[in-house]
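Coordinate-derived values only; no laboratory data. Model, not experiment: these values are computed from the prediction. Heads up, the Cβs are rebuilt from the backbone with ideal geometry, glycines too, and the neighbour counts pull from every protein chain shown.
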Amino acid sequence: MKIKRKDLLGIEELSKEEIETILETSGSLKEISERAIRKVPYLRGKTVVNLFFEPSTRTLASFSLAEKRLSADSFNLSSSSSSVLKGETLLDTARNLEAMRIDFVVVRHSLPGAPHFIADRLEASVINAGDGTHEHPTQALLDLLSLKEKFGTLEGKKVVIVGDIVNSRVARSNIWGLTKMGADVTVCGPPTLMPYGIEEMGVEVSFELRKAIEGRDVIYVLRIQKERQMGGMLPSIREYIELYGITPERLKDAKEDVIIMHPGPINRGIELDPRVADGKHSIILGQVTNGVAVRMAILYLLSGGQSGEVSEA
Amino acid sequence: MTIKEKGIVMDEIQVKRALVRIAHEILEKNKGAEKLVIIGIRSRGDFLARRIKEYIRRVESVDIPIGILDITLYRDDFTSIDYKPIVGKTEIPFDVKDKVVILIDDVLYTGRTVRAALDEIIDFGRPNEIQLAVLVDRGHRELPIRPDYIGKNVPTADNELVEVQIKEVDGVDRVVIREVEHEN
């Protein structure tokens, strides 16, 4: 399957075949991070800008490592240390960067659609590293890769996503990705954090954790996003822990070999008990390892792309 | 553009004889199999590598470590490739340091694939020596690269393609020459 896109903006527009190509490529590239010299020359001479208008540790580190392991030249710009503070618009920032000849823009922004907006106006490839509450496609892809490694196929696997669904771009991207790959998805959380009409995305809705985790192969725990709680959505954190926190006691209702995932950063003791986060069901650090491979695959698949033929060598 | 088959330059038995001979030459040149490792280049070279390993095992009763190389990320022409070939996994499950690496490919042409493979192997460590074995050498080198072991020399024209077919992938063992005709 060929990937003919300039940009990676979301999971929603990807076909199942495109997702499979990305996962297969990620699987091949994963080995590079295990070598003595963790670097291949593929993107030598290409330039990547990581344009982060929201804080990030994992995603920024992961993209940076993916870029370096493919030998791209990359640098980071964040809103706190750039002309954004002086009032420059997103488009002006992006156009100025392109005027300096760059090949990729990895963008994280608090506004849904911000990456799409600049992708339409730049020749450089744009990769969405999270846009508001809309999508976080590379997170969903690394999650799909982790599940594929675990199960071989996602067809018919039962996944429950627990927590703050309404504010979560990770949930949205994962719902699209998981359902496209044939998994059976339930979302579970307090009614105040459940978006109206989410059933239309092809998921079941549950407000009761005990029932929701029963018989599931995977519990995907979302972070309680304190920065997006515009007040009043949760009566108290203690009540949330009581009703939706994933603890060893809760897991007694789950399958014995259930898998626990979390996109990070974990609020230890809130959505996820430390004993579960570090326990035998958790594949959370494996997700992080896969993140680098998936981002390398995306850079590889979006790169180059001038017309020509494969030369016989 | 049409591609027509021009002829078969090696059949199943000739492919086998060539690979068996190469296996013996490798042992002869290196005085045994002690420090040898075999690395095949995807796709086809990896299967040829397995066969040479097997022929060596039959002669010397030793199991030589075998690895697979995918050189896609080391190519020098990726910006001119419109679609991205699927990258296969590189698997080198041993330390190449101080080893004699026998690098195996199906067809040697411009030498650019071998150049990429040499760079990739050296990223895994510093072997004592790298030797190159190919089933077909068709000439037209663009880089100073020469093979140590050759199955068959096949003089070709620029508008010809040499295709190695092997049972594991194509269902048959043979080497075919095709001619590319550009219509005016």
(message) As a footprinting exposure proxy, order B:LYS4, A:LYS211 by other Cβ within 10 Å, with the fewest listed first.
(response) B:LYS4, A:LYS211
(request) May I ask you to derive the relative contact order of chain A, considering only C-alpha pairs under 8 Å and at least 6 residues apart, and to give it as an integer percent? (result) 20
(request) Using the Karplus curve 6.51 cos²θ - 1.76 cosθ + 1.60 with θ = phi - 60°, work out ³J(HN,Hα) for each residue of the stretch A:144-155 in order, rounded to whole Hz, and write x for Gly and Pro. (result) 5, 4, 4, 6, 5, 4, 6, 10, x, 9, 9, 3
(message) I need two numbers for the stretch A:1-148: Rg to one decimal and Dmax as a whole number, Cα atoms only, in Å.
(response) 15.3, 45
(request) Select from A:MET261, A:MET100, A:MET201 the residue whose mean-square fluctuation is largest in a Gaussian network model of chain A (Cα-Cα springs shorter than 10 Å). (result) A:MET100
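Name the shape class, rounded, prolate or oblate, that the alpha-carbon gyration tensor gives for the stretch B:20-149, where a ≥ b ≥ c are the square roots of its eigenvalues, rounded holds for a/c under 1.5, and otherwise prolate holds if a/b is larger than b/c and oblate otherwise.
Details: a/c = 1.82, a/b = 1.55, b/c = 1.17.
In terms of gyration-tensor shape, prolate.
Report, in deg cm²/dmol and to the nearest 500, the calculated mean residue ellipticity at 222 nm for chain A, where each DSSP H run with n ≥ 4 adds -39500 (n - 2.57) and the sum is divided by the residue count.
On the way: 10 runs with 105 residues, N = 313.
Estimated from H runs of four or more residues: -10000 deg cm²/dmol.
Working out 0.36 nm times the residue gap between A:ASP278 and A:GLU20, then minus their Cα-Cα distance, what length gain in nm do you get to one decimal?
Values: separation 258, 0.36 × 258 = 92.88 nm, distance 2.96 nm.
Gain in length upon complete extension: 89.9 nm.
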(message) How long are the semi-axes of the equivalent ellipsoid of chain A, taking √(5λ) for every eigenvalue λ of the Cα gyration tensor, in whole Å from largest down?
(response) 33, 23, 17
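On full extension of the chain, what length is gained from A:ASP92 through A:GLU239, given 0.36 nm per residue of separation minus the C-alpha to C-alpha distance? Please list the in-between numbers first.
Values: separation 147, 0.36 × 147 = 52.92 nm, distance 4.49 nm.
Length difference between fully extended and current span is 48.4 nm.
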(request) Please sort through the DSSP H helices of chain B and keep those with an alpha-carbon extent of at least 24 Å along the long axis and a Kyte-Doolittle average not below -1.0. (result) B:12-29
(request) Convert 4 °C to kelvin, take the viscosity as 1.567 mPa s, use the Kirkwood radius over C-alpha pairs of the stretch A:137-285 as Rh, and evaluate the Stokes-Einstein diffusion coefficient in µm²/s, rounded to a whole number. (result) 86
(request) Mind sorting B:ARG42, B:ARG21 by how few other Cβ atoms lie within 10 Å of their own Cβ, fewest first? (result) B:ARG21, B:ARG42
(message) How many angstrom lie between the Cα centre of the stretch B:1-78 and the Cα centre of the stretch A:239-257?
(response) 55
(message) Can you sort A:LEU8, A:LEU243 from fewest to most other Cβ atoms within 10 Å of each residue's own Cβ?
(response) A:LEU243, A:LEU8
(message) Applying a 10 Å radius around every beta-carbon, put B:159-167, A:250-258 in order of their mean neighbour count, most first.
(response) B:159-167, A:250-258
